[in-house]
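What follows is a short report on a single structure.
The values are calculated or read from the model by the stated rules, or taken from the named source; none is laboratory data. The shown structure was predicted, so the numbers you read here are calculated from the model rather than taken from an experiment. Backbone-built Cβ (ideal geometry, glycine too); neighbour counts: all protein chains shown. Heads up: the accessible areas ignore ligands, DNA and RNA and are worked out on the full protein's heavy atoms, side chains in. Shrake-Rupley method; radii C 1.70, N 1.55, O 1.52, S 1.80 Å.
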Amino acid sequence: LMLIGDAAHATLPYLAQGAVMALEDAATLARMAKGAAGASSFERFAGVRRQRTSRIQAESRKLGQIYHATGLTALARNAALKLGGSGLMMKKVAWIYEWTPD
């Protein structure tokens, strides 16, 4: 039995990556399963995916705090978004969209 996607690494919705991680998991597992058999494929898969999925979870938690901020933190957030323009957020999350299966 192998869990992938939200079943394996449930994530807050602030990066909208839950379903995408399931697709990434499937692509990665398929590549690793070719020519390999048994538990070694699953162990390698878990090791490869752990860093990325953990980072997505952590960044999503941070964004949740930022999006729901109040007071001075909210003022700082709004100023940063205004000064940074629309490209600020895209630069911050570019690493998500540049992913390719290993």
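A few remarks follow.
- For residue 90, neighbours were defined as the other residues whose beta-carbon sits under 15 Å from its Cβ, and their charges (Lys and Arg +1, Asp and Glu -1) total 0.
- Taking each DSSP H run with n ≥ 4 as -39500 (n - 2.57) and averaging over every residue of the chain yields -23000 deg cm²/dmol at 222 nm.
- Folded to 0 to 90 degrees: helix 71-84 orientation relative to the chain principal axis, Cα: 80
- Helix 39-67 and the longest principal axis of the C-alpha atoms of the chain enclose an angle of approximately 10°.
- Solvent-accessible area assigned to carbon and sulfur over the range 1-68 amounts to 60 percent, based on a 1.4 Å probe.
- For the chain, a crude dipole built from +1 on the beta carbon of Lys and Arg and -1 on the beta carbon of Asp and Glu, taken about the Cα centre, is about 300 debye to the nearest 20.
- Efficiency of FRET from Cβ geometry, residue 86 and residue 54, R₀ 41 Å, rounded to 0.05: 0.90
- In degrees, nearest ten, helix 87-97 long axis to first principal axis of the chain (Cα): 10
- Using bins of 5 Å that start at zero, the share of Cα-Cα pairs per bin across the chain amounts to 2, 11, 19, 20, 15, 11, 8, 6, 4, 2, 1, 0, in whole %.
- Surface listing: 92, 34 arranged by accessible area from highest to lowest gives 34, 92, probe 1.4 Å.
- Residue (of 74, 94, 3) at the positive-pole extreme of the chain, dipole from beta-carbon charges: 74
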